[in-house]
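What follows is one structure encoded as structure tokens, with my remarks underneath.
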Amino acid sequence: RRTLFAVAIVSCFGLAACGQKSAQQSASPSDGSAPAAAAEAKEIIVGSDASYRPFEYQNDQKEVVGFDVEVLTAAAQKSGLKVKFVNTPWEGIFQALQNGDRDILASAITITEERRKSMDFSDPYFDARQLIAVGKGVTNVKSFDDLKDKKVAVQTGTTGDEVVQKLLGKTSPNIKRFESMPLALKELENGGVQAAVGDNGVVVNYVQNNPGNGIVTVEDTKSFVAEQYGFAVKKGNQALLDKVNSGLKAIKADGTYDNIYKKYFGSK
Ligand code: ARG
């Protein structure tokens, strides 16, 4: 016993900063696998373009909050995942998933066949549709077709952008593209365009929060298809996707989802 103890001390002194070294080793075993406890606690980094009230936006403390944040946080909790939301501009959001800077995207992202080619989506968690916003004094817009000869603002690379491209042509100078939806709607407010097209929840929220600017909304359920939001993970990350989906199922079953929905949108 004595001898063994002495050997241990000696070999420890033999290594520089022995205590530190062994602490490091226990934090990450040499075979490269993370120890079980650390794997459990590993934070999942979630990217959200936090300029999309009420789905994801920054509160006064600059924290990313909103409907998507609460839904994903609740679902993640059911599956034992710890999530951290990081504001991520829409422009680079898919790239950030692709290169591993973000593990999940929660950004009111419409599930589309095109996007499915480069990422995987969770089960849908919200129904949406495009909505037209028309500026003060613009009275001749009753349907989407009426935007044919108008200047229209959209957020670049969104489903709103896609649908307006179909009407006006991809390279039409009448499409004004913006980095964020609030910037597109500001342009409408300032009279730089006659209309804007974007996700209904966000457009309605903007109109409600900015009264007196004369912006009104025009629905067109014939021209705009039903859209569904999903959380995106890197293509092939089935383990994480399964956890998100089982969490989503659980919060839909136990009323948590409905409570969050009511908090943001009132009753269905
Ligand atoms: N639902 C639309 C899309 O997927 C717009 C999403 C924009 N989201 C955001 N947080 N800016 O194209």
Open item on the list: Which residue is nearest to the ligand (Cβ to nearest atom), if the candidates are limited to the stretch 49-78 and must be crowded, with 18+ Cβ neighbours inside 10 Å and assigned to a loop (DSSP other than H, G, I, E, B)?
Closed with: ASP49
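Quick test for you: out of GLY169, GLY198, pick the one residue that is out of contact with any helix residue (DSSP H, G or I) (no Cβ under 7 Å at 6 or more places or on another chain) and either away from the ligand (no atom under 12 Å from the Cβ) or under 30 Å from TYR261 (Cα atoms) (or both).
The conditions single out GLY169.
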- [ ] Write out, first by first residue and then by second, each pair whose Cβ atoms fall under 8 Å of each other, whose residues are 6+ apart or on separate chains, and whose first residue, in the stretch 64-78, is at pLDDT 95 or above and small (Gly, Ala, Ser) while the second is surrounded by fewer than 23 Cβ atoms within 10 Å (Cβ to Cβ) and not in a helix (DSSP H, G or I).
- [x] GLY66/ARG53; GLY66/PRO54; GLY66/TYR57; ALA76/ILE44; ALA76/LYS82; ALA76/VAL83
- [ ] Considering each of GLY135, GLY192, GLY157 in turn, give the residue that is under 24 Å from the mean Cα position of the chain (by Cα) and either within 16 Å of the ligand (Cβ to nearest atom) or not polar (S, T, N, Q) (or both).
- [x] GLY157
Task: Close pairs from the stretch 185-203: first at positive phi, partner of a type in the set (Lys, Arg), Cβ under 8 Å, at least 6 apart - done: GLY191/LYS136
Open item on the list: Take ALA106 and tell me if it is within 13 Å of the ligand (Cβ to nearest atom), surrounded by 19 or more Cβ atoms within 10 Å (Cβ to Cβ), under 23 Å from PHE265 (Cα atoms) and not acidic (Asp, Glu).
Closed with: yes
Open item on the list: Looking at GLY247, GLY201 in this structure, which one is at pLDDT 95 or above, in contact with a strand residue (DSSP E or B) (Cβ under 8 Å, 6 or more places away or on another chain), buried (at least 20 other Cβ atoms within 10 Å of the Cβ) and assigned to a helix (DSSP H, G or I)?
Closed with: GLY201
Open item on the list: Return the residues of the stretch 133-148 that are touching a residue at least 24 places away in the same chain (Cβ under 8 Å), assigned to a loop (DSSP other than H, G, I, E, B) and either surrounded by fewer than 18 Cβ atoms within 10 Å (Cβ to Cβ) or of a type outside the set (Gly, Ala, Ser) (or both); say none if nothing qualifies.
Closed with: LYS136, GLY137, VAL138, VAL141, LYS142, SER143
TODO: Could you check, for the stretch 79-100, whether at least one of its residues is without any contact (Cβ under 8 Å) to a residue 24 or more places away in the chain and under 15 Å from the mean Cα position of the chain (by Cα)?
DONE: yes
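The values are calculated or read from the model by the stated rules, or taken from the named source; none is laboratory data. Treat the numbers as computed from the prediction; the structure is a model and nothing was measured. Positions of Cβ are backbone-derived with ideal geometry, glycine not excepted, and every protein chain shown enters the neighbour counts.
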